[in-house]
Ligand SMILES: [Zn+2]
Ligand SMILES: [Zn+2]
């Protein structure tokens, strides 16, 4: 083994150990961020306002109801993504038998790529040497989790879990609800943010007027400190909301495009020049592949009974090649092409940062 390769393997191993250790800490960081926004929005700003009997009180109570609903959906989708098994390869799964002769390979008998004899290196790419097990199409080995994951999208440090066939929907909903919650929070805090500064300015003018006695100034010091702390909390929360919303928007657009074209993040990096994409069923079916056929379940971070049965059936029958090539009417033998040239195969052994 070359020195460079050895160094890289050691580095990758250490990086994966670090990311594995980071997992539970990231969950705490996410919960802390949610806790901060909750404390600022609910405890500091809107709960006191909600006690008012006037229009402001009604508005504040409306904000509190909407905010609690959004935070509930954020937490639900987050823990669904964290706790759901992303996609384990069924024990003892075997790929279709390899062609025994060149003639059989030419006819596509038993093979996956008609008219093309598989090279030794391509055969090895479908076998995970770390798990010492065969892996289905679209499956990748995650070095952080230390195992193969069906239709692996990427390993996400924020959810301390791989994102794969079973929890991709929950991951997308987590992105969506977090984006909506941060935008909503930034909007409802904006007016209070401005009000706080107006109040501070007014207090400053009163004190500069020189009418206050020494004793009254002492009495208002704790109140001013509390108000200063609240302004700081609103400021930090507002900035975090805007920063997360902006970064999430780009991420949501990217994953919406991937979802509608039935492609994972790993495949996007591996196969971005490969058109047409062999798993593309059309936008509607691609969407339903992840979110299920029933629209009632699309915004809920759970699988309907039908969708769960379908996911597990595909895993059991085809080893978890999503979509299932036979039941979805796809031609397993039809390889993706670019300008009439065959690509290098589906499981090309590419890398996705720390994974694979
Ligand atoms: Zn593996
Ligand atoms: Zn992983």
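Each label point was placed 7 Å from the Cα along the Cα-to-Cβ direction; for residue 75 and residue 202 their separation is 3.5 nm. Working ranking of peptides 69-81, 132-144 by packing, defined as the average number of other Cβ atoms within 10 Å per residue, highest first, is 132-144, 69-81. For segment 15-91, compute Rh as the Kirkwood radius over C-alpha pairs and then the Stokes-Einstein diffusion coefficient at 4 °C and 1.567 mPa s; write the answer in µm²/s, rounded to an integer. The Stokes-Einstein estimate is 86 µm²/s. What the Cβ-Cβ distance of residue 33 and residue 277 gives, at R0 = 51 Å and to the nearest 0.05, is a FRET efficiency of 0.90. Mind running the shape call on segment 230-273? Use the C-alpha gyration tensor, a ≥ b ≥ c as the square roots of the eigenvalues: rounded below 1.5 for a/c, prolate if a/b tops b/c, oblate otherwise. Here segment 230-273 falls in the prolate category. Relative to the current alpha-carbon distance between residue 53 and residue 180, full extension at 0.36 nm per residue lengthens the span by 42.9 nm. What shape does segment 143-182 take by its C-alpha gyration tensor, where a ≥ b ≥ c are the square roots of the eigenvalues and a/c under 1.5 counts as rounded, a/b above b/c as prolate, and the rest as oblate? Because a/c hits 1.5 or more and a/b fails to exceed b/c, segment 143-182 counts as oblate.
Between segment 37-78 and segment 137-169, how far is it from one alpha carbon centroid to the other, in angstrom? Value for the Cα centre distance between the two parts: 35 Å.
Where a number appears in this text, it was derived from the coordinates with a stated rule and is not lab data. The structure presented is a predicted model; accordingly, all values stated were derived computationally and were not measured. Positions of Cβ are generated from backbone atoms using ideal geometry, with glycine treated the same way; all protein chains shown enter the neighbour counts.
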